[in-house]
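Taking it in order: structure first as structure tokens, then the write-up.
The values are calculated or read from the model by the stated rules, or taken from the named source; none is laboratory data. Just so it is clear, the structure is predicted and the values come from calculations on it, not from any experiment. Note that we place each Cβ from the backbone using ideal geometry, even for glycine, and neighbour counts take in every protein chain shown.
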Amino acid sequence: MTVRPALSVVAPCFNEEGVLPEFLARVGAVLDRLGSGLGGTAEIVVVDDGSRDRTWETMTKAAAQDSRIVAVRLMRNHGHQLALTAGLSICRGERILIIDADLQDPPELLPDMMALMDGIDGKGGADVVYGQRRAREGESLFKRATAAAFYRLIGRMTDVEIPLDAGDFRLVTRRVLDLLLAMPERHRFIRGMVAWIGGRQVPIVYDRKPRAAGESKYPLSKMIRFAADAITAFSVVPLMASMTIGWIMAAVGFAFFVYSIVGWLIGHTLPGWTSLMAAIGVLGGMQFLMLGIIGAYLGRLYDQSKGRPLFMIREIVDGRGGGPE
Ligand code: UDP
Ligand code: MG
């Protein structure tokens, strides 16, 4: 068996020829500086997500010069989260740094993240060190406002504590990564999935820089799809709403039924009106209720089909002195 590198840096790249050389140089320099502090070798896994520019050529040229670089090319554009998943499933490191290729997240933060993961001042180490954005320079007001609204909305819709204002920039242990890769769900909202795994997750606050070059590969259409994936993967609130509406409509329908019967009893109706209205009230109400019930089962079926583990054990200590590990 080959020895694992101590660290893998994983970055998805879509049309990033403009920033890739600088990205690889800066990550390379950080790794050089860490040197033996790393406790082993490192690799840089860059994934070309079906780019239409010279991203792939840039990567392979760099890989020919630096043996730490692993260039991966996908068949076509799969989107940020899947390109990242591809890189994560290929990397071999004991620790994994997830980072965007556009240098908005500074790779120079790595030594601090490693220290937080090691644990300092007798405090235990971390399973995940995630970057939390303080300032977001060079990003439009629209982008910042929609992002802030999105993280607050999803925070209210799910029990999972998804950190506010955090992207995918984070350092995770091999153990967390293996749990992440074992989750077979197809619509992957990676920052939520990592939060769902739990363990000790600590933030590191940083200022988000403007892109080093090129423009955002997240137009509004992709942002909406991303938000929809996140909400449907982590919340059944929309489905539950159909159940609530079902109950309300059933109550309204029944009231209508009673009202039309009473009207008939006191002779306030045209012939035929009572039977028609009673039938509409009861049938309409029942239909909404049944839809709500179907929604409830669908929600459970959906949960089941995500195939997530039921629980994840952090450690076991037994009385025979076995202890952790
Ligand atoms: N990206 C990708 N595939 C895509 C879109 C984006 O691999 O279809 C990569 C992109 O190259 C970058 C990261 O995902 O490394 C984040 O994208 P971007 O910086 O454009 O998003 P923003 O920071 O504007 O939200
Ligand atoms: Mg970016």
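A few comments on the model shown:
- Output for the range 33-68, where each listed residue is in a strand (DSSP E or B) and not acidic (Asp, Glu): 42, 44, 45, 46, 47
- Test: residue in the range 137-156 that is farther than 21 Å from residue 224 by Cβ and crowded, with 19+ Cβ neighbours inside 10 Å: no
- Pick from the range 192-238, criterion over 20 Å from the mean Cα position of the chain (by Cα) and either crowded, with 17+ Cβ neighbours inside 10 Å or touching a residue at least 12 places away in the same chain (Cβ under 8 Å) (or both), ranking: nearest to ligand 1 (Cβ to nearest atom): 211
- Given (1) exposed (fewer than 14 other Cβ atoms within 10 Å of the Cβ); (2) over 25 Å from the mean Cα position of the chain (by Cα), number of the condition residue 69 does not satisfy: (1)
- Here residue 36 fulfils each of the conditions (1) under 19 Å from residue 98 (Cβ atoms); (2) free of Cβ contacts under 8 Å to residues at least 24 places away in the same chain; (3) not acidic (Asp, Glu) apart from (1).
- Condition met for residue 88 (under 27 Å from the mean Cα position of the chain (by Cα), away from ligand 2 (no atom under 16 Å from the Cβ) and hydrophobic (A, V, I, L, M, F, W, C)): yes
- Selection within the range 140-154: residues that are within 14 Å of the chain's Cα centre (by Cα) and touching a residue at least 24 places away in the same chain (Cβ under 8 Å). The member of this set that is farthest from residue 165 (Cα to Cα) is 154.
- Hits in the range 167-191 - residues which are more than 16 Å from ligand 1 (Cβ to nearest atom) and without any contact (Cβ under 8 Å) to a residue 60 or more places away in the chain: 175, 176, 178, 186
- Taking the criterion of being in contact (Cβ under 8 Å) with a residue 12 or more places away in the chain and of a type in the set (Phe, Trp, Tyr), the residues of the range 261-294 that qualify are 273, 288.
- Out of 29, 25, 63, sole residue that is farther than 15 Å from residue 6 by Cβ, at pLDDT 95 or above and surrounded by 15 or more Cβ atoms within 10 Å (Cβ to Cβ): 63
- Among residues of the range 219-235 being in contact with a helix residue (DSSP H, G or I) (Cβ under 8 Å, 6 or more places away or on another chain) and away from ligand 2 (no atom under 16 Å from the Cβ), the one that is farthest from residue 14 (Cα to Cα) is 235.
- In the range 173-218, the qualifying residues are those that are among the hydroxyl-bearing types (Ser, Thr, Tyr) and at pLDDT below 95, and the one that is farthest from ligand 2 (Cβ to nearest atom) is 206.
Matching residues to (1) more than 26 Å from residue 17 (Cα to Cα); (2) within 13 Å of ligand 1 (Cβ to nearest atom); (3) touching a Ser or Thr at 6+ places or on another chain (Cβ under 6 Å):
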residue	(1), (2), (3)
88	no, yes, no
96	no, no, yes
106	no, no, no
109	no, no, no
113	yes, no, no
117	yes, no, no
125	yes, no, no
132	yes, no, no
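- Residue that is modelled with pLDDT under 95, outside any helix (DSSP H, G or I) and on the phi < 0 side of the Ramachandran plot, where the choices are 135, 101: 135
- Residue ID - farthest from residue 83 (Cα to Cα), chosen from residues in the range 44-55 that are more than 12 Å from ligand 1 (Cβ to nearest atom) and either crowded, with 20+ Cβ neighbours inside 10 Å or in contact (Cβ under 8 Å) with a residue 40 or more places away in the chain (or both): 44
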